[in-house]
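Read through the structure below, which is laid out as structure tokens, and then see the notes.
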Amino acid sequence: MAFLGLFIGIDRYLSPDVNELSCARRDAVALEALFTDTLGGKSTLLVDAEATRTRVEAEFLALASCSPDDTVVIAFSGHGSETHELVTYDTQIQDLANTAISLDLVQAWVSRIPARRVFFFLDGCCSGGIGAKVLQIEAKPRDLQSINARLDQLAGEGRCSFPAASATEPAYEHSRYGHGFLTYYLLEA
């Protein structure tokens, strides 16, 4: 049993059409330090120009060779699009479909990871669009029974995503805290 991590933080983007951030890189560095210092194991840190679409895909595919007994933590901090893509360093706004990473594609990549324990932290706008995709839970009415059923599915070993915002909401960072709000409160906890 080992810990494997993939930590991605993007403040600077190749395209001048993508607004720069000020805390995403720091989010990835801090989370990578927190998890590797606590759990040991092996992790990959991709920041700014290292976090291209091709490199992110390669790192997800590398995680597919882990053991079922491993624990995998993936953290992405950066821009997310309203059409539910992760914006990588080399994303071109005019061609999101071919240059960003759709959450459906992320779902496919995560489903290939054989680890029974996968945790995915998404500190970006519209990141809640991945919730059911990573957990692979179909939408159900919001009654007490469905809430309990979902909690039962999350209990113990399994897969869990932690989005910073709903599927239609922005996520925020603040220079006063030096992190995105999801990452800040995760580190505080």
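In sequence order, region 72-85 has phi-based couplings of 10, 10, 10, 9, 10, 10, x, 6, x, 9, 5, 9, 6, 10 Hz under the Karplus curve 6.51 cos²θ - 1.76 cosθ + 1.60, θ = phi - 60°, and Gly or Pro positions carry x.
Annotation: amide H-H contacts under 5 Å for Arg159 (H modelled 1.01 Å from N, sequence separation of 5 or more, or interchain): Val118. Taking 0.36 nm per residue of sequence separation and removing the Cα-Cα distance, the Asp69/Asp95 pair yields an extension gain of 5.5 nm.
The calculated FRET efficiency for the pair Glu57 and Ser111, based on their C-beta separation and a Förster distance of 22 Å, comes to about 0.95.
The portion of the accessible surface of region 1-129 made up by carbon and sulfur, rounded to a whole percent, is 51 (1.4 Å probe; DNA, RNA and ligands excluded).
Approximating the spin labels as points 7 Å out from Cα along Cα→Cβ, the Ser175-to-Asp17 distance works out to 2.7 nm. Simple spin-label estimate for Glu82 and Ala33 gives 3.7 nm between the two label positions (7 Å along the Cα-to-Cβ direction from each Cα).
The values are calculated or read from the model by the stated rules, or taken from the named source; none is laboratory data. All figures in this text were calculated on a predicted structure; none of them were measured in a lab. So basically every Cβ, Gly included, is an ideal-geometry build from the backbone, and we count neighbours across all protein chains shown. Side chains included, ligands, DNA and RNA excluded: accessible areas come from the protein's heavy atoms. Shrake-Rupley method; radii C 1.70, N 1.55, O 1.52, S 1.80 Å.
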